[in-house]
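S.K.: Got a structure for you, written out below as structure tokens; questions coming shortly.
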Amino acid sequence: RWAPSSAPQILTSGGSKMLPSTNVVITSYGLLPALLSRGGLPARWPGLAIVDESHMLKSRKSIRSKTVLGLLSGSRGRVLLSGTPAFARPEELFVQLSLVTDASAGDYGAFADWEAYKSRYVKSQDNMAGLHV
């Protein structure tokens with residue numbers, strides 16, 4: 001009802017392909033790498049992206065986070081949803097903050113660059129095992 005001209009397509013396997021007429025796609029984080037590598041989705045999502053369970057994007061080094069960041073880098077807008085509270089681990093928020101602040105549109109300081117973000121928000125501890133963030 002909120003978008004009567006939209007016909008959502010649900011992609012449930014890595015071999016699925018988005019229909020050219022589709023403007024709403026529903027899929028899972030786990031399927032994104034396969035969908036992108038096989039041409040099931042465009043390399044960059046041009047429209048609005050709604051990312052549910054965004055707390056799953058914790059590590060900036062994970063395949064999941066890198067895939068979502070790459071896919072949404074050219075999107076017109078991004079909405080992140082999560083019902084999970086963010087605890088006292090600011091490094092786990094970096095990917096989510098990077099998604100909602102578009103560095104290409106202006107200077108967002110610490111949210112655009114991991115090193116700047118880390119120096120401002122992440123408390124580092126040296127211990128015998130090395131640097132712990």
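S.K.: For Arg64 and Ala112, calculate 0.36 nm times their separation in residues minus their Cα-Cα distance, and state this gained length in nm to one decimal. Present the calculation step by step, with values, prior to reporting the outcome.
M.R.: Working: separation 48, 0.36 × 48 = 17.28 nm, distance 1.86 nm.
The Arg64-Ala112 span can extend by a further 15.4 nm.
S.K.: Taking all protein chains as present, what is the carbon and sulfur share of the accessible area of segment 1-91, in % to the nearest whole number, probe 1.4 Å?
M.R.: Numbers: 3490 of 5890 Å².
Of the solvent-accessible surface of segment 1-91, carbon and sulfur hold 59 percent.
S.K.: With label points built 7 Å along Cα→Cβ from the Cα atoms of Leu48 and Ala88, find their separation and express it in nm.
M.R.: 3.8 nm
The values are calculated or read from the model by the stated rules, or taken from the named source; none is laboratory data. Model, not experiment: these values are computed from the prediction. Cβ atoms come from the backbone with ideal geometry, glycine included; neighbour counts cover every protein chain shown. Ligands, DNA and RNA are excluded from the accessible area calculation, which covers all protein heavy atoms including side chains. Shrake-Rupley method; radii C 1.70, N 1.55, O 1.52, S 1.80 Å.
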